[in-house]
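Everything on this sheet refers to the single structure shown next.
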Amino acid sequence: MAKMLSFGIDPEIKKRKVVRTHGYWIYYDDDTRDIDLWNGSTSFILGYSATKVFQEINRGTELVTRAIANTFEYIDEIDEMSEVICNTGGFESVQWTNCGTTAVEAAIAMSDAYWKGLGEDKPLILSFTPGWHGTSHMTKSLGMPPLATAPSSRHIYGSSIESIETGLADELPRIGCIIIETVPWYKGWIEWHPDEWIKLREICDKHGILMITDDVMCGWGKSHEYHGYAGFGYGFRPDISALAKSLCAGYMPLGAAVCNKKVSDVISKKWQHGHTMQPNIGSICGALATYKHIEEWNLLDKVHWIQPQLSALATNLMEKEIITDYKTSGTVLFMTFRDDIRQSGMSKRDTLRVCAPLIADDEYFETIYNKIIKLCTS
C-alpha cells in the first residue's frame, strides 16, 4: 500500500478514517466524533458545513472553469471579491494566488517590483525568527533559516523591532521591505506591543522601507476584523499584506497579496507575476460566499463572545494546575501544560493551540474543555 509522508504527532497513534464532517464535528468509522482544536491550522472559520459556500464553489467551477484575471479576463465574482479584499483593508490592488506560501512570495514580488520601478537598489528582506512564512525555499528562509535548503543572501534577520536602527544600521539603505507575522505563532502566541507597531511604521517611513504583514494565519475572521493587522496589529496599516487559509473558509485553497496605492501606482505599470490559476474560479466564488455568510450572520462580532470563553477555559485549567500559562486573543488560545502531552495525540510538545471557529457555541467549549481534562488526567 502506498505510504503518504506525514509529520504525525506520534507514529504509534492509529490512523482513523473520517466518514463525515458537520458543524465543528469530525465523524469516524468507529462511530466516534472529535473536534480539531487547531481547526485545520485556523482555516475552517465557518466549521465544515456552510452549505452556501459549497454551492457557490460548485456553481463557479461548473459555470466558468477558466478566466485569467491578470490578462484582462474576468467574471463578476472576481471583480467583486477583489473589491472586498481591498476595501476591507484599505488597499488598492490585489494579486490572487493559490495558498499562503505563494501569497507571501507575491507580496515580496510586489516589493521587488516597486523598487525596480523606482530604479532603486533595495534587495534586502528583513524578517524576524523564529517564524512561519510558508513552505517554499524562500519563505522558509524568511522565518526558519535552519529549515531552508536554499538560503539567500537577500535575507537578513532582526532580533527585535527596537534594535533595527542600531543593529542593522549598515544594511538599512538597502532594505526594501520588512515582513512580520501579524502575531508570531509558531513558537507561541507572541503579540507585538503597540509601541512596537508604532516603531516599525516609523522606521519604514523614515528609511523608505515597505512594511509587509503576513496575515495568512491571523486574517479573515480570527480577530474582530477581516485583516489581522487591523485587529491584532492595532490598525497600523502595512504597505503590502499576504492573506490565505480562511479566505474560502478552508474549503478550497486561495491566497492573495494586496498593496496600497503608493505601491500599486508604481508596480501596475509593469507587473510581471503569475501562475496557472489566475485565480481558481471555484475558490473565488467560495471566498465571496464566505464573506457574505460572515456579513449576513455578523460573525465578526461573535469574536467578542468567543475570546472570553477561551479565557475562562484556560483559567479553569490553570486552577486545576493542568496548564502553567496561556495567551489568548480573538479566536486563538495558546496553552503551556505542566506535563508533556505528546502521547495524548493533541500536540508535539508541552504546548497546545486552539482556534475556535466562528460557529463555536457552549457545547463546543464544554466539549474541548472535557477533552483536555480527560486526556491530561488519564
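Points worth noting:
- Antiparallel content of DSSP bridges confined to the chain, in %, to 5: 65
- In region 168-200, the trypsin sites (Lys or Arg not before Pro) that fall in loop regions by DSSP, at most 15 other Cβ within 10 Å: LYS187
- Region 227-304: C-alpha gyration tensor shape, a/c 1.5 cut-off, then a/b vs b/c: oblate
- Computed label-point distance, nm, for sites HIS275 and SER136 using a 7 Å Cα→Cβ extension: 0.7
- Pairs exceeding 27 Å between alpha-carbon atoms, taken from LYS52/LYS371; LYS122/LYS270; LYS17/LYS320; LYS262/LYS327: LYS52/LYS371; LYS17/LYS320; LYS262/LYS327.
- Mean separation of Cα pairs under 8 Å and 6 or more residues apart, divided by the residue count, gives the chain a relative contact order of 22 percent.
- Shown in residue order for region 272-278 are the 3J(HN,Hα) couplings computed by the Karplus curve 6.51 cos²θ - 1.76 cosθ + 1.60 at θ = phi - 60°: 10, 7, x, 7, 4, 8, 10 Hz (x for Gly and Pro).
- Label corresponding to Kirkwood radius over Cα pairs in Å when calculated from the structure given, among (i) 26.8; (ii) 24.1; (iii) 21.7: (iii)
- Order by protection proxy (mean Cβ within 10 Å, highest first), peptides 123-130, 236-243, 287-294: 236-243, 287-294, 123-130
- Estimated FRET transfer efficiency when R0 is 30 angstrom, pair HIS193-ASN316 (beta carbons, to 0.05): 0.60
Bear in mind these aren't lab numbers, they're just calculated from the coordinates by the rules spelled out. All of these numbers come straight from a predicted model, not from anything done at the bench. Glycine gets a Cβ as well: all are built from the backbone with ideal geometry, and neighbour counts include every protein chain shown.
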